[in-house]
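Notes for the one structure printed next.
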Amino acid sequence: MDETFQQTGFERLANVISASDMAALQTTLNAAPEETFRQRKNGSRYAIRNVHLQLSGLRPLLEKGCLFAIASEVLGGTTELVSATLFDKLPGANWFVPPHQDLFVPIAGSTDESCWTNWSTKGGVQYVEPPVEVQRELLAVRVHLDECPERNGALEVVPGSHLDRLSEAAVALIEEDAFELCPAGPGDVLLMRPLLVHRSRASELPQRRRVLHVVYSAATLPEGLSWT
């Protein structure tokens, strides 16, 4: 990946997914049973966490297809699938996501290495916060399935904020003008390092906004650990 990506921690790619690959993703995700979606208190569904574990047909598309090829080119080393989340913002499930870094990943196994911290279990899946050295070898590939213009909750990022883990207080002190908007169309891809500080506003439009957020890794895991 070019020097700009290394410095900013993100890059927008337009028209990099073929119509056939998009159709395969859409078909697989559209077949997700209602019960696999997380729901808000009002009953509206909004996301499927670890959708790669929920839909058997999705994993082959993520481990061998165009998204895997993109990730492999960026990461360089042996690339593995870490996780996949489907965000599905509808008019009834629309909210502001405050600035944050993505710190936790699903993981299988255990290790005595103290730098792997904040272990937890969510929805029957184990999560952990990896050391910064591992975080820096993660790449998120965000595929936009719908139009996501500025007024439809497009992601906003802070260029260059991906180089280290920041405290919540440090994230809260980031100035408003530091955020850069990342609008996208159907099929567009946003590459980003998970440590990149990002947020998204509630949509001002009565339109659906689906994003498939896939994380890949080139890190070598300690003995006893494996990606899900």
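Here are some notes:
- Hey, LEU145 in contact with a helix residue (DSSP H, G or I) (Cβ under 9 Å, 6 or more places away or on another chain), modelled with pLDDT under 95 and of a type in the set (A, V, I, L, M, F, W, C) or not: yes
- Answer from THR121, THR117, THR79, THR111 - the residue that is surrounded by 13 or more Cβ atoms within 10 Å (Cβ to Cβ) and over 17 Å from MET192 (Cβ atoms): THR111
Conditions (1) touching an Asp or Glu at 6+ places or on another chain (Cβ under 7 Å); (2) aromatic (Phe, Trp, Tyr); (3) closer than 24 Å to GLN126 by Cα; (4) part of a strand (DSSP E or B), marked per residue:
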| site | (1), (2), (3), (4) |
| --- | --- |
| PRO159 | yes, no, no, no |
| LEU191 | yes, no, no, yes |
| VAL215 | no, no, yes, yes |
| THR220 | no, no, yes, no |
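- From the options LEU86, LEU81, LEU75, residue that is out of contact with any Pro (no Cβ under 9 Å at 6 or more places or on another chain) and within 19 Å of ALA23 (Cα to Cα): LEU86
- Subset of the stretch 9-23 [outside any strand (DSSP E or B), within 13 Å of VAL74 (Cβ to Cβ) and in contact with a Pro (Cβ under 8 Å, 6 or more places away or on another chain)]: GLY9
- Condition check for VAL128: over 24 Å from ARG12 (Cα atoms), of a type outside the set (Asp, Glu) and at pLDDT 95 or above: yes
- Candidates ALA140, ALA170, ALA154, ALA93: the one that is modelled with pLDDT of 95 or more and crowded, with 16+ Cβ neighbours inside 10 Å is ALA140.
- Only listed residue being closer than 28 Å to THR36 by Cα, of a type outside the set (Lys, Arg) and buried (at least 17 other Cβ atoms within 10 Å of the Cβ), chosen from PRO149, PRO130: PRO130
- Only residues that are touching a Leu at 6+ places or on another chain (Cβ under 9 Å), closer than 14 Å to GLY185 by Cα and either surrounded by 16 or more Cβ atoms within 10 Å (Cβ to Cβ) or not aliphatic (A, V, I, L, M) (or both) were counted across the stretch 14-37, and they come to 1.
- Strands (runs of 3 or more DSSP E) contained in the stretch 103-146 and holding at least 1 residues basic (Lys, Arg): 117-122, 138-144
- Residue within the stretch 147-155 that is charged (D, E, K, R), on the phi < 0 side of the Ramachandran plot and assigned to a loop (DSSP other than H, G, I, E, B) present: yes
- Within the stretch 44-95, the set of residues being assigned to a loop (DSSP other than H, G, I, E, B) and polar (S, T, N, Q) comprises SER44, ASN50, SER56, THR78, THR79, ASN94.
- Qualifying residues in the stretch 1-13 (those that are over 21 Å from PRO186 (Cα atoms) and modelled with pLDDT of 90 or more) - the one surrounded by the most Cβ atoms within 10 Å (Cβ to Cβ): GLY9
- Restricting the stretch 157-167 to residues that are surrounded by 20 or more Cβ atoms within 10 Å (Cβ to Cβ) and of a type outside the set (Val, Ile, Thr), the residue that is farthest from ARG210 (Cα to Cα): LEU166
- Single unsatisfied condition, ALA47 versus (1) closer than 29 Å to SER203 by Cα; (2) at pLDDT 95 or above: (2)
- The condition of being over 15 Å from the mean Cα position of the chain (by Cα), of a type outside the set (Phe, Trp, Tyr) and under 17 Å from TRP116 (Cβ atoms) holds for ALA219.
The values are calculated or read from the model by the stated rules, or taken from the named source; none is laboratory data. The structure presented is a predicted model; accordingly, all values stated were derived computationally and were not measured. Every residue, glycine among them, receives a Cβ derived from its backbone with ideal geometry; neighbour counts consider all protein chains shown.
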